[in-house]
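Visitor: The structure under discussion is supplied below as structure tokens; questions concerning it will follow.
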Amino acid sequence: MSFGHHKQEDPIGKRRKDALRVDFDRKIRVEFMTLRLLDVTFLSLLLLAALGCQGGPDAKTPPRIRGGYYASSTVGTNFLDPEHLGAHGYRHSWSEKNGIVYTCKAGHIDISHLRKSADSTAFFIAKTFEHLKKNETEFSFKLKERSRYFVQLTYPEYWKYLLQKEKEHIAHDISIRLGQYFAYTAITWHEILTWFGFKAIGLYPEFPSAFSWEDTFSNLLGTHIAVLALQDVEHPYNEAVTLAIDRELEKLNVQPKHTAIRAAEKVRGLWFSGDFLFLVDIKRRNFDIGLDDGFVTPWIVPSLGECEGAEAQPYPVPNPDLLSEYGFSMKFEVEPREWEKDKILKITYQDRKERKKRLEPAIHLAPIMDYIKEDAVKKYGLDVGIPYSRFGISSKISPL
């Protein structure tokens, strides 16, 4: 449209242009160009969801349950050779193998936790995208636990002036970031629940697995695997996850099965004790969930000949900061509905009169984790959150 003096601009069109000028800076315009690649990615994702191709993720089907393992050299732990992990399956895979591997740069990794986290991330990305496409301001979701998660989105003023294609560009990017954030928060919440006594399978005790040294990093790595898989436009989701797992483990210098077992045995008596899966006692816990610096630093076993000179590789935790770049804001809450809810809410809201049914992870995870760390010290001593104290090797993880 001409801006000459002889033709007056349509006021509706002018308001639209003014809104776009105010809300879109050069950075976002450049991001629009890069986000075009994600069009193909999400078309592939949505096609998989619609056709159920190879049992890929969709917005209605949460990922299946997988049993995890302690990274301890005890009877019942399944250690894996990295070349025998099998094909990933969102719904099912006869060849999929789960268990523990060891990497020089990230220590022990629970492949079951990694797969579950990747599938949870893909599920939340698809679900979030569906709600954004419909311009919905509120939605909720849950995984296998009874806790429910609530999302309230505030859209920017310019949103109503955008073309549908422009909205989808932004929705793609936001969905990826939020999908990662929701998945990582939900799986971290599971770790918190198990610390307070939650049992997902009847009488089977899960407390020993709460913040065991490999769990959090395995979960975090899974969220990154999911994004890599969804950006793979050449392969269906399950195959893309299989390839992404192989590539990331190779970057972390994954080791053969016998090294994984030897690494676990090396920390027997320090990080764990016990000889049988159901009776293992995890003595050291990695409470690093990224609250301090935005990264999770994995624990690696020191003085392992195959990994001489290796340093732990921190990974960034997902966060919803991208929302503000696009002018969005969000309120994200968890409503615990398990038997353990009163214990947790009592910590979150110390004043009973002000106690609510929901908590906000962005605000309340920190005090909850502080309580858990203090509780861990009472149970296991001051060294519970320090991996190497008896080895005399410094660690990036600060004492409690």
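The values are calculated or read from the model by the stated rules, or taken from the named source; none is laboratory data. Note that the coordinates shown come from a computational prediction; the quantities given were computed from them, not determined experimentally. Ideal geometry is used to build each Cβ from the backbone, glycine not excepted, and the neighbour counts take in all protein chains shown.
Visitor: Of the residues that sit in region 260-291 and are touching a helix residue (DSSP H, G or I) at 6+ places or on another chain (Cβ under 7 Å) and not hydrophobic (A, V, I, L, M, F, W, C), which one is nearest to G107 (Cα to Cα)?
Guide: Going through the qualifying residues, I end up with N286.
Visitor: Suppose the filter is over 16 Å from the mean Cα position of the chain (by Cα) and basic (K, R); does K127 pass it?
Guide: Working: over 16 Å from the mean Cα position of the chain (by Cα): no; basic (K, R): yes.
For K127, the condition - over 16 Å from the mean Cα position of the chain (by Cα) and basic (K, R) - is not met.
Visitor: Oh, and also: Looking at region 228-237, can you tell me whether even one residue there is buried (at least 21 other Cβ atoms within 10 Å of the Cβ), of a type outside the set (K, R), in contact with a Gly (Cβ under 6 Å, 6 or more places away or on another chain) and under 17 Å from S120 (Cβ atoms)?
Guide: Checked against the condition, which is being buried (at least 21 other Cβ atoms within 10 Å of the Cβ), of a type outside the set (K, R), in contact with a Gly (Cβ under 6 Å, 6 or more places away or on another chain) and under 17 Å from S120 (Cβ atoms), region 228-237 yields at least one hit.
Visitor: Across region 91-129, what is the total count of residues that are in contact with a helix residue (DSSP H, G or I) (Cβ under 9 Å, 6 or more places away or on another chain), surrounded by fewer than 24 Cβ atoms within 10 Å (Cβ to Cβ) and either among the charged types (D, E, K, R) or assigned to a loop (DSSP other than H, G, I, E, B) (or both)?
Guide: Going through region 91-129 one residue at a time, the tally reaches 10.
Visitor: Go through A171, A186 for me and flag whichever is of a type in the set (A, V, I, L, M), more than 30 Å from L279 (Cβ to Cβ) and assigned to a helix (DSSP H, G or I). So that I can check it myself, show each step before the final result.
Guide: Values: A186 fails: more than 30 Å from L279 (Cβ to Cβ).
Matching residue, one of A171, A186: A171.
Visitor: Still on this structure: Residue check: is E234 touching a residue at least 60 places away in the same chain (Cβ under 8 Å) and either over 12 Å from I109 (Cα atoms) or outside any helix (DSSP H, G or I) (or both)?
Guide: No; evaluated as a whole, the condition is false for this residue.
Visitor: Let me ask you something else. Which residue out of K357, K353, K343 is surrounded by 13 or more Cβ atoms within 10 Å (Cβ to Cβ) and of a type in the set (K, R)?
Guide: K343
Visitor: Picking from A71, A106, A50, which residue would you name as being of a type outside the set (F, W, Y) and either modelled with pLDDT of 95 or more or in contact with a Lys or Arg (Cβ under 8 Å, 6 or more places away or on another chain) (or both)?
Guide: Residue meeting the stated conditions: A106.
Visitor: Within region 301-321, is even one residue crowded, with 23+ Cβ neighbours inside 10 Å, more than 14 Å from L114 (Cα to Cα) and touching a strand residue (DSSP E or B) at 6+ places or on another chain (Cβ under 7 Å)?
Guide: Within region 301-321, one or more residues are crowded, with 23+ Cβ neighbours inside 10 Å, more than 14 Å from L114 (Cα to Cα) and touching a strand residue (DSSP E or B) at 6+ places or on another chain (Cβ under 7 Å).
Visitor: Of the residues K160, K167, which is under 14 Å from G327 (Cα atoms) and free of Cβ contacts under 8 Å to residues at least 12 places away in the same chain?
Guide: Going through K160, K167 in turn, just one is under 14 Å from G327 (Cα atoms) and free of Cβ contacts under 8 Å to residues at least 12 places away in the same chain: K160.
Visitor: Counting only residues that are assigned to a strand (DSSP E or B) and without any contact (Cβ under 8 Å) to a residue 40 or more places away in the chain, how many does region 132-153 have?
Guide: Summing the residues that are assigned to a strand (DSSP E or B) and without any contact (Cβ under 8 Å) to a residue 40 or more places away in the chain in region 132-153 gives 3.
Visitor: Then there is this: Pick out the one residue from D288, D293 that is free of Cβ contacts under 8 Å to residues at least 40 places away in the same chain, closer than 26 Å to L365 by Cα and assigned to a loop (DSSP other than H, G, I, E, B).
Guide: D293
Visitor: Looking only at residues that are under 23 Å from the mean Cα position of the chain (by Cα) and among the charged types (D, E, K, R) in region 289-331, which one is farthest from T154 (Cα to Cα)?
Guide: Narrowing region 289-331 to residues under 23 Å from the mean Cα position of the chain (by Cα): 289-300, 311-326, 328-331.
Okay, now just the ones that are also among the charged types (D, E, K, R), so 292-293, 311, 321, 325, 331.
Details: D292: 27, D293: 27, E311: 42, D321: 14, E325: 13, K331: 9 Å.
Filtering region 289-331 for residues that are under 23 Å from the mean Cα position of the chain (by Cα) and among the charged types (D, E, K, R), the one farthest from T154 (Cα to Cα) comes out as E311.
The rows are residues; the columns are (1) out of contact with any His (no Cβ under 9 Å at 6 or more places or on another chain); (2) modelled with pLDDT under 95; (3) hydroxyl-bearing (S, T, Y).
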site	(1), (2), (3)
G197	yes, yes, no
W213	no, no, no
L220	yes, no, no
V254	yes, no, no
F278	yes, yes, no
R285	yes, no, no
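Visitor: Okay, moving on. Any residue in region 206-225 that's within 18 Å of S175 (Cα to Cα): show its pairings with residues that are among the small types (G, A, S) and in a helix (DSSP H, G or I) at Cβ separation under 6 Å, as long as the two are six or more apart or on different chains.
Guide: Filtered contacts from region 206-225: G222/S117; G222/A118; T223/S117; T223/A183; I225/A118; I225/A244.
Visitor: Considering region 323-339 alone, what residues qualify as being on the phi < 0 side of the Ramachandran plot and crowded, with 17+ Cβ neighbours inside 10 Å?
Guide: Once the filter is applied, which keeps residues that are on the phi < 0 side of the Ramachandran plot and crowded, with 17+ Cβ neighbours inside 10 Å, region 323-339 yields L323, Y326, F328, F332, E333, V334, E335, P336, E338.
Visitor: Kindly evaluate N135 against the criterion of being surrounded by fewer than 21 Cβ atoms within 10 Å (Cβ to Cβ) and closer than 15 Å to N219 by Cβ.
Guide: For N135, the condition - surrounded by fewer than 21 Cβ atoms within 10 Å (Cβ to Cβ) and closer than 15 Å to N219 by Cβ - is not met.
Visitor: Let me ask something additional. Please name all residue pairs, on different chains or six or more residues apart, with Cβ atoms under 7 Å, provided the first residue is in region 75-90 and is in contact (Cβ under 8 Å) with a residue 40 or more places away in the chain and loosely packed, with under 14 Cβ neighbours inside 10 Å and the second residue is part of a loop (DSSP other than H, G, I, E, B) and not basic (K, R).
Guide: V75/D275
Visitor: While we're on this one: Could you please let me know if K379 is free of Cβ contacts under 8 Å to residues at least 60 places away in the same chain, over 18 Å from P208 (Cα atoms) and not in a loop (DSSP other than H, G, I, E, B)?
Guide: No.
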